[in-house]
2 protein chains.
Amino acid sequence: MLIVHVHVHVRSECVQEFREATIENARHSIQEPGIARFDVVQRTDDPTRFVLVEAYYDEAATKAHKETSHYAKWRDAVAPMMAETRTSVRFTNLFPDSKDW
Amino acid sequence: MLIVHVHVHVRSECVQEFREATIENARHSIQEPGIARFDVVQRTDDPTRFVLVEAYYDEAATKAHKETSHYAKWRDAVAPMMAETRTSVRFTNLFPDSKDW
């Protein structure tokens, strides 16, 4: 598994719009064959901060995701909402085993 | 849902020992009735850094987890392995819906 945490900080006036665009993107992304999970979570102590937790079966799946129309739509829609450049961190899974994601 | 990301940085000589103790803790934790997920991931660019992604059904479940014997065993076992104090960040779920965790 290849797990990617995307950290997003949006401008406060964009929170609702970002939520809607990102849930829409997640609904499509979770249907991609290379994606096991596509969670979107919002910080309880700062609602302008989000993490997208994306679990891919392999590296090729991360590339396939970036080539989808829903990703392009989301990327362009949220670009003006960013309070700062988003960052992503990559991980491998220790638990659960890959078959259980 | 209440999602907790626990960020851990361990001393380099403790990586393997930390992995083993943390997988053991995760195996027990995922069996708690209040826990939907208990993922452990390791950074690909820095194997001394981990995130525990803990998904609880409610606040009470977070307290129940801290009262288990496996949590106490893990906490004490890993205490001397820390390179710095671990931090945790709390989130609510936007996607998927709570019934799907």
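Here, each number is a calculation from the coordinates, and none is a lab measurement. Bear in mind that the values here come from a model prediction, so they are computed numbers and not experimental data. All Cβ positions, even for glycine, are placed from backbone atoms using ideal geometry, and neighbour counts span all protein chains on display.
Can you tell me which of A:T44, A:T62 is within 28 Å of B:T48 (Cβ to Cβ), loosely packed, with under 15 Cβ neighbours inside 10 Å and among the polar types (S, T, N, Q)?
On the way: A:T62 fails: loosely packed, with under 15 Cβ neighbours inside 10 Å.
Answer to the check: A:T44.
Yes or no, residue by residue, for (1) in contact (Cβ under 8 Å) with a residue 12 or more places away in the chain; (2) at negative phi; (3) hydrophobic (A, V, I, L, M, F, W, C):
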{"residue": "B:A21", "(1), (2), (3)": "yes, yes, yes"}
{"residue": "B:E24", "(1), (2), (3)": "yes, yes, no"}
{"residue": "B:R27", "(1), (2), (3)": "no, yes, no"}
{"residue": "B:I35", "(1), (2), (3)": "yes, yes, yes"}
{"residue": "B:D46", "(1), (2), (3)": "no, yes, no"}
{"residue": "B:R90", "(1), (2), (3)": "yes, yes, no"}
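Do you know which residues across region B:3-34 are at the interface with chain A (Cβ under 8 Å from one of its Cβ atoms) and not β-branched (V, I, T)? Reasoning before the result, please.
Filtering region B:3-34 for residues at the interface with chain A (Cβ under 8 Å from one of its Cβ atoms) gives B:3, B:5, B:19, B:22-23, B:26-27, B:30.
Passing the criteria: B:H5, B:R19, B:A26, B:R27.
Within region B:92-101, track down each residue that is without any contact (Cβ under 8 Å) to a residue 12 or more places away in the chain and in a helix (DSSP H, G or I).
At the first step, the residues of region B:92-101 found to be without any contact (Cβ under 8 Å) to a residue 12 or more places away in the chain are B:94-97, B:99-100.
Within region B:92-101, B:K99, B:D100 qualify.
For region A:42-63, what are the residues that are within 14 Å of the chain's Cα centre (by Cα) and of a type outside the set (S, T, N, Q)? Working first, answer last.
Filtering region A:42-63 for residues within 14 Å of the chain's Cα centre (by Cα) gives A:42, A:49-56, A:61-63.
Across region A:42-63, the qualifying residues are A:R49, A:F50, A:V51, A:L52, A:V53, A:E54, A:A55, A:Y56, A:A61, A:K63.
Restricting the search to region B:46-69, which residues are under 19 Å from B:H28 (Cβ atoms) and within 13 Å of another protein chain (Cβ to nearest Cβ)?
Once the filter is applied, which keeps residues that are under 19 Å from B:H28 (Cβ atoms) and within 13 Å of another protein chain (Cβ to nearest Cβ), region B:46-69 yields B:F50, B:V51, B:L52, B:V53, B:E54, B:A55, B:Y56, B:T62.
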